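Working notes, structure below.
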Amino acid sequence: MSSEQHHRHRHRRASPWLALLAFAVLVLSSSLLSARAQGSGPPAEAFFSDASVQEMQISPSGRYLATIVLAPDGKGTRVVVSDLQDKEPDRAVAAFSRARASSLLWVSDELLIFEAGEDRDRSVRVSGRSLMTVRRNGEGLRVIIAANDFSQSTSSTKALNFSHFFIQMGAAGSDEIIVGETLYDAAYEVKAVRPLALNVRTGARRSVTPSEPPSAKRWLFDPQGRPRLAVSIDGDKGAYHWLDLKNQTWKELARFTPLKAPYAPEFVAGDDTLFVSVAGADGDELRRFDMQTGQPETDAMVATPGFSSSMERVTERDSGELLGLRLLTDARVNVWLTPALQGLQAKVDAALPGRVNVMQCSACDRLDVLPVFSYSDRAPGDFLLYRRKEDKWQRLGSQHPKIEAGAMSPLQFHRIRARDGADLPLWVTLPSGDKRPRAAVVMVHGGPWVRGRDWAWDAEGQFLASRGYVVIEPEFRGSMGYGDRHFRAGFKQWGQAMQDDVTDALRFAVKQGWVDEKRVCILGGSYGGYATLMGLAKDPSQYRCGVASFAVSDPMLMFTVHWSDISSQAKNYSYKETIGDPVADAAMLAANSPLAQAARIKAPVLLAYGGRDRRVPIVHGERMRDALTKAGNPPEWVVYDDEYHGFRFEETRVDFWKRTETFLGKHLAP
């Protein structure tokens with residue numbers, strides 16, 4: 001839908017808070033046109049500043065809309081409630097100058113809960129997020145779960161301490177939510193999680209189960225807020241337990257080693273059906289679980305060939321009826337189970353073609369006003385309201401109003417064959433304009449046992465493309481999201497087949513004629529930083545430079561650095577299988593250590609680390625810096641003293657990418 005159509009269909013009274021964002025769009029659009037006329041892309045701040053509109057949630061009745069927006073000065077967030085019937089004034093029910101609100105939910109039409117963390121406060125030594133509640137009229141703002149010292153600045157009567165966390169809503173019509181209480185052992189590692197029902201209005205809490213399986217660390221609840229399944233993990237042993245509601249006893253469904261579970265519990269529907277995902281070699285299936293046989297049914301309810309998808313349920317709040325699923329293949333997709341919702345989704349998609357359109361409600365077909373979050377590979381994300389009776393659209397705002405979708409670059413998804421014939425998914429962002437081979441950046445995701453991308457706007461990839469670089473993002477083996485075979489093929493392959501996949505993705509882009517193979521740099525954070533350093537050491541003639549942030553410099557340090565936050569369970573069990581055994585595989589780990597091969601790295605290197613990082617402590621970077629310097633190739637070195645494992649502060653995020661832009665421009669120049 002065009003901006004003119006949106007303007008023509010605006011509701012008669014727009015929120016004054018959101019009107020500030022509309023003004024910002026008009027002012028910034030003219031500056032962007034000027035920037036493009038000068039041959040440059042939008043500034044780094046346009047990509048890496050905090051989102052202007054961050055979340056919206058409609059109340060259960062559909063009358064009220066709660067929105068989290070960036071404060072006008074850009075230094076905090078506000079939670080704003082609007083009456084969609086225009087009978088009550090808009091209210092900022094919570095405002096923070098140093099904290100960021102998130103995870104907004106309605107308990108009822110009268111009560112909201114959300115998280116708030118000290119993301120902008122450099123005096124906070126340990127990052128955390130508190131759970132807060134506030135009435136729709138702005139009264140009763142208080143902390144119900146206090147993280148760190150956040151409760152000192154806000155009323156927190158009867159607040160639970162930081163060891164508690166939100167799990168899900170309680171029974172429909174109640175003021176209860178389900179929270180987990182984390183129990184720690186003597187080494188301050190998670191021993192178990194105990195579920196509780198917490199009344200957010202009174203602060204009262206109660207147990208929800210008469211007993212708990214030992215070492216239960218994950219729970220599934222039905223839509224009524226009753227515990228139904230517990231997942232126990234103790235060392236290299238795991239088990240699923242099902243609660244019989246009639247006699248309140250636990251039944252063991254399966255016993256397994258954590259990396260070899262026969263299926264994964266996903267959710268419990270309102271009719272007491274347990275749904276599980278079964279991992280096939282090349283994709284997942286969602287199946288009902290048969291309690292009589294103790295096994296998943298043979299027929300799949302939903303299948304995602306070629307992808308391992310998250311299976312997010314959408315249920316009707318009052319009845320618990322399963323209405324649909326939100327899946328992730330190459331892009332996010334809504335699968336609705338009722339004809340009414342299917343038709344409504346089709347109507348929304350027809351109005352907003354070429355986009356992913358997420359209807360942000362459960363029983364959307366029963367509401368007069370429909371909230372929609374809409375985005376594409378070029379558009380960061382727009383928050384819209386569709387008024388069904390009037391057949392009109394209202395645009396509330398954008399996540400990044402400084403970004404114009406027309407100035408962004410298209411994102412392509414490919415599946416190729418690696419050198420050994422294995423499946424290799426990858427993403428390529430091609431800048432518009434000149435089609436001759438260009439300089440390229442190979443961007444390697446962290447994890448590594450996560451999915452790197454989906455079809456959506458990405459600040460990092462689009463920023464690099466706006467500077468004229470082809471951006472190549474391989475979903476190397478070991479990445480999740482592309483089938484169990486692809487995931488397990490990465491076991492004990494750091495620096496080996498995983499690294500070869502990165503090279504093969506680059507070679508594919510070169511073969512297509514997109515990339516000038518003599519002008520390529522590699523970039524990544526965390527594991528991606530490791531792959532950057534290992535790529536420079538393993539294939540020294542392939543890259544002109546490398547940018548590594550929060551990077552593992554030696555896999556062995558993940559086992560031996562004891563002031564990291566890596567758990568003993570990971571070190572003693574899962575890491576031995578996924579990375580390598582520090583004793584039995586010591587030679588392999590040493591052979592694939594960038595630190596041990598620093599002398600092979602000849603290209604310029606930019607190293608960036610967080611001073612408070614406990615996942616990859618700064619010793620990784622300091623040793624790598626010293627080894628490169630000793631080898632005669634001193635890196636550019638930057639430490640962000642107040643950062644953890646990633647960029648918490650907007651100013652450091654912007655600073656890092658400006659440094660990266662300068663570094664790449666220097667070393668990828670023709």
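Brief remarks on what is shown
- Taken over the range 59-83, the criterion of being surrounded by 21 or more Cβ atoms within 10 Å (Cβ to Cβ) and aliphatic (A, V, I, L, M) is satisfied by Leu65, Ala66, Ile68, Val69, Leu70, Val79, Val80, Val81.
- Looking across the range 640-670 at every residue that is hydroxyl-bearing (Ser, Thr, Tyr) and in a helix (DSSP H, G or I), the one that is modelled with the lowest pLDDT is identified as Thr652.
- For Tyr575, the requirement of being of a type in the set (Phe, Trp, Tyr) and without any contact (Cβ under 8 Å) to a residue 60 or more places away in the chain is met.
- Taking the range 508-590 and the helices (runs of 4 or more DSSP H) fully enclosed by it, the elements with 2 or more residues that are touching a strand residue (DSSP E or B) at 6+ places or on another chain (Cβ under 8 Å) are at 527-538.
- Flag if Pro60 is out of contact with any Cys (no Cβ under 6 Å at 6 or more places or on another chain) and without any contact (Cβ under 8 Å) to a residue 12 or more places away in the chain: no
- Strands (runs of 3 or more DSSP E) within the range 360-455 that include 2 or more residues surrounded by 22 or more Cβ atoms within 10 Å (Cβ to Cβ): 369-375, 382-387, 392-398, 423-429, 438-444
- The residues of the range 162-216 that are over 26 Å from Ser108 (Cβ atoms), out of contact with any Leu (no Cβ under 8 Å at 6 or more places or on another chain) and not small (Gly, Ala, Ser), listed by number, are Phe162, Thr182, Leu183, Tyr184, Asp185, Tyr188, Glu189, Pro210, Glu212, Pro213, Pro214.
- Those residues of the range 257-291 which are loosely packed, with under 14 Cβ neighbours inside 10 Å and in a strand (DSSP E or B), in sequence order: Asp290
Let's see how each residue does on (1) over 16 Å from Gly529 (Cα atoms); (2) crowded, with 17+ Cβ neighbours inside 10 Å; (3) more than 22 Å from the chain's Cα centre (by Cα); (4) among the aromatic types (Phe, Trp, Tyr):
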position	(1), (2), (3), (4)
Asp581	yes, no, yes, no
Arg623	no, no, yes, no
Arg648	yes, yes, no, no
Leu664	no, yes, yes, no
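- Meets criteria (within 30 Å of Phe307 (Cα to Cα) and touching a His at 6+ places or on another chain (Cβ under 8 Å)) for Leu430: no
- Sole residue being modelled with pLDDT of 95 or more, out of contact with any helix residue (DSSP H, G or I) (no Cβ under 9 Å at 6 or more places or on another chain) and polar (S, T, N, Q), chosen from Gln512, Gln462: Gln512
- Residue-level check: of (1) modelled with pLDDT under 95; (2) in contact with a His (Cβ under 6 Å, 6 or more places away or on another chain); (3) not charged (D, E, K, R), Ala230 misses just (1).
- A search for C-beta distances below 6 Å between a residue of the range 142-167 that is within 25 Å of Ala192 (Cα to Cα) and among the small types (Gly, Ala, Ser) and any residue that is surrounded by fewer than 16 Cβ atoms within 10 Å (Cβ to Cβ) and at pLDDT below 65, counting only pairs 6+ apart in sequence or on different chains, returns nothing.
- Residue match in the range 229-236 (condition: over 25 Å from Ile145 (Cα atoms), part of a strand (DSSP E or B) and either more than 24 Å from the chain's Cα centre (by Cα) or touching a residue at least 12 places away in the same chain (Cβ under 8 Å) (or both)): yes
- Of residues in the range 46-93 being of a type in the set (Lys, Arg) and assigned to a loop (DSSP other than H, G, I, E, B), the one modelled with the lowest pLDDT: Lys75
- Number of the condition not met by Ser211 [criteria: (1) within 23 Å of Thr273 (Cα to Cα); (2) in a strand (DSSP E or B)]: (2)
- Hey, Asp565 surrounded by fewer than 20 Cβ atoms within 10 Å (Cβ to Cβ), of a type in the set (D, E, K, R), in contact with a helix residue (DSSP H, G or I) (Cβ under 8 Å, 6 or more places away or on another chain) and touching a residue at least 40 places away in the same chain (Cβ under 8 Å) or not: no
- Any hit, the range 339-352, residues being in a strand (DSSP E or B) and among the hydrophobic types (A, V, I, L, M, F, W, C): no
- Residue among Gly203, Gly225, Gly173 that alone is within 27 Å of the chain's Cα centre (by Cα), within 28 Å of Ser61 (Cα to Cα), modelled with pLDDT under 95 and not in a strand (DSSP E or B): Gly225
- Residue check, Leu536 out of contact with any helix residue (DSSP H, G or I) (no Cβ under 7 Å at 6 or more places or on another chain) and within 30 Å of Ala186 (Cβ to Cβ): no
- Inter-residue pairs, beta-carbon under 8 Å, first closer than 14 Å to Ala465 by Cβ and in the range 654-670, second hydroxyl-bearing (Ser, Thr, Tyr) and not in a helix (DSSP H, G or I), 6+ apart: Leu664/Tyr469; Leu668/Tyr469
The values are calculated or read from the model by the stated rules, or taken from the named source; none is laboratory data. This is a predicted model, so every value here is computed, not measured. We place every Cβ from the backbone using ideal geometry, glycine too, and count neighbours over all the protein chains shown.
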